[in-house]
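Worksheet: one structure, shown below.
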Amino acid sequence: MTEVLIAGGGPVGMVLAAELALLGVGTTVLEPNLSTVDVPKAGTLHARTVQSLARRGYLRADAGHPPGARVTSRFHFAGLSGLDISGPATEGTPIVGLSQADLERHAEARARRLGATIHRGHRLTAAGQDADGAHATVLGPGGEYRISARYLVGADGARGVTREAAGFTAETQGPTIAALLGAVRLLDPAHAPAGWHRTERGWFVGNPNPYGHSRVITFDFTGPHPDRRAPLTLDELSATADRIVGRPVPMTDAVFLSRFSDYSRLVTEYRRGRVLLAGDAAHVHFPVGGQGLNLGVQDAVNLGWKLAAVLRGADESLLDTYHAERHPVAARVVHNTRAQLALMNPDPAVDPLRDLVTELLGLEPVRRHLGDMISDQEIDGFLPNASLRVNGRTTTIAELLWPGRPLLVVLDDGARPPDLPGVEVVHATATHPLPWASALIRPDGYLAWSAPSGVRDTEGLSAAAHRWFGTKAESGTGLCGHDVRAR
Ligand SMILES: Cc1cc2nc3c(=O)[nH]c(=O)nc-3n(C[C@H](O)[C@H](O)[C@H](O)COP(=O)(O)OP(=O)(O)OC[C@H]3O[C@@H](n4cnc5c(N)ncnc54)[C@H](O)[C@@H]3O)c2cc1C
């Protein structure tokens, strides 16, 4: 029996498949599309996602900076320029431009190389579960068939089937605006509005590309789409853009057209027994701030190692920490996108509020607060990257986590640890002073336990290893240490 069946091989499903395959979990992905579709949607990886992907080797982080040094990327809040997103210099640039299609391709190649089975052209049509496992009905090129797995993950996006088929409930808020998205050729790209452009009639967001197709988005605040599913035409996009901008924005040759809105939905639980949800299947919201894919990728890196640990004997309650940790983060994103949308209202009555927020963005603590919120760096407990010497070689914490296994780093002044089966123990020398001497690190980079120099906390370490990885230590006596609870 497949151990984990993933419905949906979009970017989130493929990252999860690669995570599971890395840990030797028998993984099958069902994906209706025969190949990756180049949708002009997500193109921004925010800091915590960048940091997470660096801990698997998708991206490299140069840790040769002193702790405390920071680097900054420019971003926007509610279409207002002036938001900086900053992060530790040891993690690399806080924002990385990567299309969601390219992320999907990288992750799919990695998942296949590591042994995952990817069935393209296969669509889940029904799902259920019993004490033995999760069961799916699938429509493939050869007709309908049934497949079972120990766990099923619905990563089948906003319009997927798993959520409803498996009985998940959700909190929703209906749409209030009508948004259009197109990849088109702009006939006069030099004079098309670039970036985020607000008028009294709505918003035009353009990324003019003189050499090829440009992404064009419009937000019309007069009300939601009368028919969300009606196919969008180039004429409608073009007329809406002209009306909102107040002059012609000539365009032709659409290669992608779609409607979206500020509709939001957040499932009330991420796990129902043997079925779990990740990515847009669990949460959808207005896409301002480029947060949706980032949420989903972090769902995948949070869930992968937990599923692997449970399949290898850790207590099933570990899977409940997936909901406990990820649901509040998505709720906060839904909330901040609604706040941004309120600020984006084209009504001139909102102008003084926008001016005030622009002033506030001039204050470093405000930029830091909002930047950490948008980039998910406000999630506690992530161990910053650091440069280490291990067996005469310079490496980093991020690199040591590439294998995706629980990691105990013991610095020169750290106490000798007990034997912890399943935990990789690395003895290292820090190249810069660090606030800990021993650190037990989860595969997703979050701290499970740490102790400063001179403290031997065998009991706390053993308890944390058991709690997070199902590890049973051989021996132990306890002093004081720092056990980091679910975040
Ligand atoms: C205009 C716009 C701009 C955006 N910009 C950003 C951004 O800058 N940054 C950001 O982080 N996010 C952004 N987003 C959000 C981002 O696109 C989504 O959050 C992201 O696509 C979610 O990935 P996913 O893998 O969960 O879902 P999807 O990308 O929707 O993938 C789901 C997959 O499941 C498959 N599937 C569907 N039904 C089934 C089924 N029954 N069985 C099996 N498979 C199925 C689909 O074919 C698809 O491949 C934007 C969204 C929009 C609309």
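The values are calculated or read from the model by the stated rules, or taken from the named source; none is laboratory data. Note that the structure is predicted; figures quoted are calculated from it, not measured. Positions of Cβ are generated from backbone atoms using ideal geometry, with glycine treated the same way; all protein chains shown enter the neighbour counts. Keep in mind that these areas ignore ligands, DNA and RNA; they rest on the heavy atoms of the full protein, side chains included. Shrake-Rupley method; radii C 1.70, N 1.55, O 1.52, S 1.80 Å.
The table that follows gives values for the structure above.
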| item | result |
| --- | --- |
| Given (1) touching an Asp or Glu at 6+ places or on another chain (Cβ under 7 Å); (2) more than 17 Å from Pro443 (Cβ to Cβ); (3) within 16 Å of the ligand (Cβ to nearest atom), number of the condition Gln51 does not satisfy | (2) |
| Test: residue in the range 266-275 that is in a strand (DSSP E or B), within 16 Å of the ligand (Cβ to nearest atom) and open to solvent by 10 Å² or more (accessible area, probe 1.4 Å) | yes |
| Test: Arg228 is outside any loop (DSSP other than H, G, I, E, B) and within 13 Å of the ligand (Cβ to nearest atom) | no |
| Identity of the residue in the range 387-398, within 21 Å of Gly68 (Cβ to Cβ) and either among the small types (Gly, Ala, Ser) or buried (at least 21 other Cβ atoms within 10 Å of the Cβ) (or both), that ends up nearest to the chain's Cα centre (by Cα) | Ala398 |
| Qualifying residue in the range 289-296 (condition: under 30 Å from Val25 (Cα atoms), in a loop (DSSP other than H, G, I, E, B) and either within 16 Å of the ligand (Cβ to nearest atom) or at pLDDT below 95 (or both)) | yes |
| Among the residues listed as Glu171, Glu164, Glu104, Glu144, the single one being outside any loop (DSSP other than H, G, I, E, B) and in contact with a Pro (Cβ under 9 Å, 6 or more places away or on another chain) | Glu104 |
| Search result, residues across the range 139-165 that are more than 12 Å from the ligand (Cβ to nearest atom) and small (Gly, Ala, Ser) | Gly142, Gly143, Ser148, Ala149 |
| Test: residue in the range 238-245 that is open to solvent by 30 Å² or more (accessible area, probe 1.4 Å), of a type in the set (D, E, K, R) and more than 9 Å from the ligand (Cβ to nearest atom) | yes |
| Index of the failed condition, Gln129 passing every other in (1) near the ligand (Cβ under 10 Å from one of its atoms); (2) open to solvent by 40 Å² or more (accessible area, probe 1.4 Å); (3) of a type outside the set (Ser, Thr, Tyr) | (1) |
| Some residue of the range 297-315 being part of a loop (DSSP other than H, G, I, E, B), crowded, with 19+ Cβ neighbours inside 10 Å and in the same structural domain as Asp130 (by TED's automatic domain parsing) | yes |
| Sole residue being touching a residue at least 12 places away in the same chain (Cβ under 8 Å) and within 15 Å of the ligand (Cβ to nearest atom), chosen from Leu80, Leu103 | Leu103 |
| Given (1) over 30 Å from Leu257 (Cβ atoms); (2) buried (at least 22 other Cβ atoms within 10 Å of the Cβ); (3) within 15 Å of the ligand (Cβ to nearest atom), number of the condition Thr2 does not satisfy | (2) |
| Residue that is crowded, with 22+ Cβ neighbours inside 10 Å and of a type in the set (D, E, K, R), where the choices are Arg416, Arg456, Arg442 | Arg442 |
| Tally, over the range 355-386, of residues that are of a type outside the set (Asp, Glu), in contact (Cβ under 8 Å) with a residue 60 or more places away in the chain, open to solvent by less than 20 Å² (accessible area, probe 1.4 Å) and more than 19 Å from Leu401 (Cα to Cα) | 4 |
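The rows are residues; the columns are (1) farther than 27 Å from Pro40 by Cα; (2) open to solvent by 40 Å² or more (accessible area, probe 1.4 Å); (3) among the charged types (D, E, K, R); (4) away from the ligand (no atom under 16 Å from the Cβ).
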| site | (1), (2), (3), (4) |
| --- | --- |
| Ser86 | no, no, no, yes |
| Gly92 | no, no, no, yes |
| Ala107 | no, no, no, no |
| Ala111 | no, no, no, no |
| His119 | no, yes, no, no |
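For every residue, the table says whether it meets (1) assigned by TED's automatic domain parsing to the domain that holds Met14; (2) modelled with pLDDT of 95 or more; (3) surrounded by 12 or more Cβ atoms within 10 Å (Cβ to Cβ).
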position	(1), (2), (3)
Glu144	yes, yes, no
Arg150	yes, yes, yes
Val161	yes, yes, yes
Glu164	yes, yes, yes
Gly167	yes, yes, yes
Leu187	no, yes, yes
Asn207	no, no, yes
Pro231	no, yes, no
